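Below: one structure, written as structure tokens.
The values are calculated or read from the model by the stated rules, or taken from the named source; none is laboratory data. What you see is a predicted model; the values in this text were computed from it and never measured. We place every Cβ from the backbone using ideal geometry, glycine too, and count neighbours over all the protein chains shown. Heavy atoms of the whole protein, side chains included, go into the accessibility calculation; ligands, DNA and RNA do not. Shrake-Rupley method; radii C 1.70, N 1.55, O 1.52, S 1.80 Å.
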Amino acid sequence: MNKGVHRTVTELPVPDGWDFGDFPYGLEPLTLPEPPTSEAGHDIPDVLPADESLVDRSTVCHRTGAPLSTTDFSHQLFWFRWITGHQATFAVWQLTAHALYQARVRTDPTPSLRVMTDLTDAYTSMLLYTSSCPADVYGTVIRPSMFLQHRSFSGTWAPDFVPVRGLLRGKKTEWSGTPEGQAFKHAVQMYHTVHAGVAAKLVPGGRSLLQESATETTPTRPETQALLYDHYFLTLRTPVGAVELVDQLRSRLRAISLDVATNGLYPGLTPEEDAALPAELRSAEVRRYEKGFHAALSRIDVAARQLKPKVLHSTAP
């Protein structure tokens, strides 16, 4: 933790080598295939663990960075993190669903279980990243934007979460008794710990938009919910090949890594704010995830780069 005097930047720092969006911290639309299903699982690339010799462990993740001098700068940076971090998560979920299917059809599921653990760790890292904004930015910018999209807007509407919902909610698997299954179970437990901490940090009252609007709105059809959710996060659906999906994921991982290397994981976090974080976000294990942020993303970048260029969804030409 940086306990020194915080300086204030007068403009958003531009990372060297930035090449995402039309300007630094600008957004890009994401194009994904429909979420994979077991029926569409026969013509997909092998999702395998990264070659560890290629994983970047040298980039240090700084927890704090200089506070941003204006509201506009703060909103620009944290809006980028909210949208782009979620987009990366959607692609990570798709790869997790593919790895889950492959684990069930392999003679030896060990490689699939290992990469499922790595992907879940990356998802947990994205939770830390997308929630890195101060609570007041979440309350004045991000939450109202979801409310305007739909009063009941909910993460449960995410189309790509559906194939992995049971898995990430801790449903027992056929590999639970294996060392790899136990490692994956621990990764899921850490995701739940961080998710609970993020909710406590950003929504102290604990009530989601869905809960607050339960008596005021009529639930929409799941297809409409998915469409509203995708549109909010600038996500389009069309048959996409492995090369295009991997390129989109890797470009986002690169931009996110450059951002954090430049601004820190929690820009402007003071020692007092750090001490006030929920207990779930102050554990030694969460600190380990913070320190390993760049390595976790690099591991997925390497694994994605290894994918063979096959079609990722059976409806693709």
Qualifying residue in the stretch 28-39 (condition: surrounded by fewer than 22 Cβ atoms within 10 Å (Cβ to Cβ), small (G, A, S) and part of a loop (DSSP other than H, G, I, E, B)): no
Some residue of the stretch 284-291 being of a type outside the set (V, I, T) and either in contact with a Phe, Trp or Tyr (Cβ under 7 Å, 6 or more places away or on another chain) or at pLDDT below 95 (or both): no
Residue, modelled with the lowest pLDDT, within the stretch 197-227, restricted to residues that are open to solvent by 50 Å² or more (accessible area, probe 1.4 Å) and not in a loop (DSSP other than H, G, I, E, B): E212
Any chance R81 is open to solvent by 10 Å² or more (accessible area, probe 1.4 Å) and not hydrophobic (A, V, I, L, M, F, W, C): no
Contacts under 8 angstrom Cβ, first residue in the stretch 215-233 being on the phi < 0 side of the Ramachandran plot and of a type in the set (F, W, Y), partner part of a helix (DSSP H, G or I) and modelled with pLDDT of 95 or more, 6 or more apart: Y229/P159; F233/I83; F233/H86; F233/Q87; F233/F90
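Condition check ((1) open to solvent by less than 40 Å² (accessible area, probe 1.4 Å); (2) closer than 30 Å to P67 by Cβ; (3) part of a loop (DSSP other than H, G, I, E, B); (4) of a type in the set (V, I, T)) across all residues:
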{"residue": "T107", "(1), (2), (3), (4)": "no, no, yes, yes"}
{"residue": "V115", "(1), (2), (3), (4)": "yes, no, no, yes"}
{"residue": "L127", "(1), (2), (3), (4)": "yes, yes, no, no"}
{"residue": "T140", "(1), (2), (3), (4)": "no, yes, no, yes"}
{"residue": "V164", "(1), (2), (3), (4)": "yes, no, no, yes"}
{"residue": "W175", "(1), (2), (3), (4)": "yes, no, yes, no"}
{"residue": "G181", "(1), (2), (3), (4)": "yes, no, no, no"}
Hey, T173 β-branched (V, I, T) and either farther than 29 Å from L228 by Cα or in contact with a strand residue (DSSP E or B) (Cβ under 8 Å, 6 or more places away or on another chain) (or both) or not: yes
Yes/no for F147 being farther than 18 Å from E290 by Cβ, at pLDDT 95 or above and open to solvent by 10 Å² or more (accessible area, probe 1.4 Å): no
Residue count, the stretch 252-286 (criterion: surrounded by fewer than 17 Cβ atoms within 10 Å (Cβ to Cβ) and part of a helix (DSSP H, G or I)): 8
Answer residue from the stretch 43-56, given it is part of a loop (DSSP other than H, G, I, E, B), open to solvent by 50 Å² or more (accessible area, probe 1.4 Å) and within 20 Å of L113 (Cβ to Cβ) and is modelled with the lowest pLDDT among those: D46
